[in-house]
């Protein structure tokens, strides 16, 4: 029977590629999304992957969402914590609301979703959690103290939780993408994007499918000896 996977933020960008990659590898995938109903409907129609809406920043909604998935599809074996937002600004301009929203979604979402599946994974002696961090959580980025803090927190969260699951058949790993060719990066002004690409040794943006390939490696049944790791996929921009 196919293993069940939830991908948060799974209907667009990197999440879209991860959802499709898991589907093509034979997993039963449920793509979580937070806001755009029309986009989610188009995604499901295009891919055949069911989409389910809840805000990963809300602990109770995550608990209820996972329970609904289990009732419909079976116990969750894999969670890919990909959902994330930005509210960029320098410290001078950043408001507390922008700080809280980014931390609650990007980092709090990892806790909420992991907590919702953890006991079941312990009881069954198997689980795979993959948290999507960022190069900016490793190296920092001007105007992103909230985003960088959240993504850096994900890397610490991953290492600590991995120690709890290691002897129980549960692996917890992270991926730190660099600049990937998604809608979010496409919104960067061309002159700024040109300067970013100039700092990437391989000379191009990454592809979302390259992140999906790494997820497939980490969630495989045969991947049980890899845990607490952060895989940096950034074209050599930050060798960490």
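If R0 is 41 Å, what FRET efficiency do you get for residue 183 and residue 229 from their C-beta distance, rounded to 0.05?
In this case the efficiency is close to 0.90.
Using only Cα atoms, figure out Rg for segment 17-160 and give it as a multiple of 2.2 N^0.38 Å.
After normalising by residue count via 2.2 N^0.38 Å, the value is 1.09.
Which whole-number value in Å³ per residue fits the convex hull of the alpha carbons of segment 140-220? Walk me through the numbers before you get to the answer.
Details: hull volume 9.2 nm³, N = 81.
Dividing the Cα hull volume of segment 140-220 by its residues yields 113 Å³.
In whole angstrom, note down how far apart the Cα centers of segment 1-51 and segment 158-196 are.
For segment 1-51 versus segment 158-196, the Cα centre distance is 18 Å.
Can you compute the FRET efficiency between residue 53 and residue 192 using 1/(1 + (r/R0)^6), with r the Cβ-Cβ distance and R0 = 35 Å? Round to the nearest 0.05.
Efficiency, rounded to the nearest 0.05: 0.60.
Along the Cα→Cβ direction, 7 angstrom out, place labels at residue 122 and residue 160. What is the inter-label distance in nm?
With each label point 7 Å from Cα toward Cβ, the separation is 1.6 nm.
Once you place label points 7 Å from the Cα toward the Cβ at residue 96 and residue 38, how far apart are they in nm?
If labels sit at residue 96 and residue 38, their model points lie 3.6 nm apart.
So, in Å, what gap is there between the alpha-carbon centers of segment 206-237 and segment 116-135?
15 Å
Helix 208-219 versus the longest principal axis of the chain: what angle, 0 to 90°, nearest 10, using Cα atoms?
Rounded to the nearest ten degrees, it is 40.
So for the chain, averaging the separation of alpha carbon pairs under 8 Å that are six or more residues apart and normalising by length, what relative contact order in percent results?
Numbers: 465 pairs, mean separation 46.7, N = 240.
19 percent.
Evaluate 2.2 N^0.38 Å with N set to the residue count of segment 94-136, then give the Cα radius of gyration divided by it. Intermediate values should be presented prior to the final figure.
Working: Rg = 13.7 Å, N = 43, 2.2 N^0.38 = 9.2 Å.
Ratio of Rg to 2.2 N^0.38 Å for segment 94-136: 1.50.
None of the figures in this text is laboratory data; all of them are computed from the coordinates on show. None of these values were measured; they are calculated from a predicted model. Using ideal geometry, Cβ is built from the backbone for each residue, glycine included, and neighbour counts are taken over all protein chains shown.
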